[in-house]
Amino acid sequence: MAGLLSASAPARAQEMSNTLPDLIDRSRQAVVAVGTFAATDNPRFSFRGTGFAVGDGRRIVTCAHVIPNPIEKDLMIMVPAAGNASGQPQLRAVKLLRRDTARDLAILELADEKGALVDVLSLAEADGDQQVVREGAAIALMGYPIGTALGVTMATHRGTVAAITRAALPAPTSNTLSERAVRQLREGAMEFLQLDATAYPGNSGGPLLDVRTGKVVGVINMVVLKGTRESALSAPSGITYAVPVKYVWPLLGK
């Protein structure tokens, strides 16, 4: 009996380290607010969505629709207080590195000399055509669901992967129609993760984490609305979609 108890202790410790509170503590510093900055605006920082740091800490993953097109103001990220040494939210200049409008993904890169972000998230890697997450898996989505209205406050919502499905993004407008977008329309629908978790418009671009592994398996892309955009707060549908992480890897040059 003693042998069985001692053998199971490491397993229990590993399970405890993968609880949702632990995952939030490990991940929150890498999740940033994405927006634009203009000294003459009030407020000067205009929130547009969520992003998260990956790799060497100088690249940020977000959604393409979070980035204005055309870009007429400075792009900025706001790093939460817990994510920098000052203990205060910090604005960092970024530039658009790559944008895939067909799959609604974008990669930003730090554009200042203040150094890389210390905390980054790990992306799940698929083995061939194998899915990195299964239907029914416990997931957590992180981001800024109501923007910066109440300060830079990140929120986490939990749920499960309800379905892995194929769907087509809305047809791009003339100013976003690119060769890649045309090719995507010609090839047909892309894969999405359908979630039973409630997200809000400000969550766009935020990470979808597998609670078991702690790795990013998708990027929050869109929320099914019952009515107007404003109704997302008062009457959320509870249906959210995420772009699978396999579409992020090519943008990172992997």
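Some observations on this one:
- LEU97, LEU121, LEU193 arranged by Cβ crowding within 10 Å, fewest neighbours leading: LEU97, LEU121, LEU193
- Estimated inter-spin distance, ALA81 and ALA163, nm [label 7 Å along Cα→Cβ]: 4.3 nm
- Under the shape rule built on the C-alpha gyration tensor, where the axes satisfy a ≥ b ≥ c, segment 26-110 is oblate, since a/c reaches at least 1.5 while a/b does not exceed b/c.
- Projected label distance in nm at ALA111 and ILE146, using a 7 Å step from Cα toward the beta-carbon: 3.1 nm
Here, each number is a calculation from the coordinates, and none is a lab measurement. Since the structure is predicted, the reported quantities are computational estimates derived from the model, not experimental observations. With ideal geometry, Cβ positions are generated from the backbone for all residues, glycine too; neighbour counts draw on all protein chains shown.
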